[in-house]
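For reference, the structure discussed in these notes is given below.
Just so it is clear, none of the values below were taken in a lab; they were calculated from the coordinates. These numbers come from a predicted model, not from an experiment.
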Amino acid sequence: MIKKIAFLFLMINSIAAHVSAQDTSAYEIQRSKINALLAERSAKFGQYDESLNTKTGIFGFQTKRDIRNSNEILRQIALNDNDIFKELKILLDYKDLQVEQVKTTVNTNSESIQNYRRSIKNLQDQNETLSATANQLEKSRNWAYLFIALCIVGCSVLVYAINLKNKRLKVYEKTTV
């Protein structure tokens, strides 16, 4: 019986130590409740151990009253254990809630990351399309400048040729007159 109780005590302490990494105030309050119940249980177990050694009967035997007292202390220990288990259940529920919150946060963040990646991919595709369009417009503009330059040169040559022809006509008219 003592080995079972010691094992339970060690198990509860290890669970409490493992869970102590959590940092919420409700969690810490619950942990302190469990620690208080464990301290109370240890004190009652000491009382139970003393009551087992108490022998007030004739010839050093235990009386019914001694046995009843021991049984009452043992009953209080069992009730205290029930309270410890209830509080541990609440503590584990806090832990489960925190795990679920972390999972939800991870899922939300994962979805956000996926959405950001999609947005980045779409923006990269749009950037490539706009760059290709800008390159095409640049080529078209260069061709337009070349065409305008050729037109200006052609017009200049034409004006020069017309001007030259007019001068020859004027010279020819002066010579024929």
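Just a few scattered comments:
- Our compactness index for the stretch 66-141, the C-alpha radius of gyration over the empirical 2.2 N^0.38 Å, is 2.84.
- At the listed q of 0.15, 0.17, 0.23 Å⁻¹, the Debye profile of the stretch 24-125, built from one uniform point per Cα, gives log10 I(q)/I(0) equal to -0.77, -0.85, -1.09.
- Sequentially through the stretch 135-146, phi angles give Karplus couplings (6.51, -1.76, 1.60; θ = phi - 60°) of 5, 5, 5, 5, 5, 4, 5, 4, 5, 5, 4, 5 Hz, Gly and Pro residues having no value and appearing as x.
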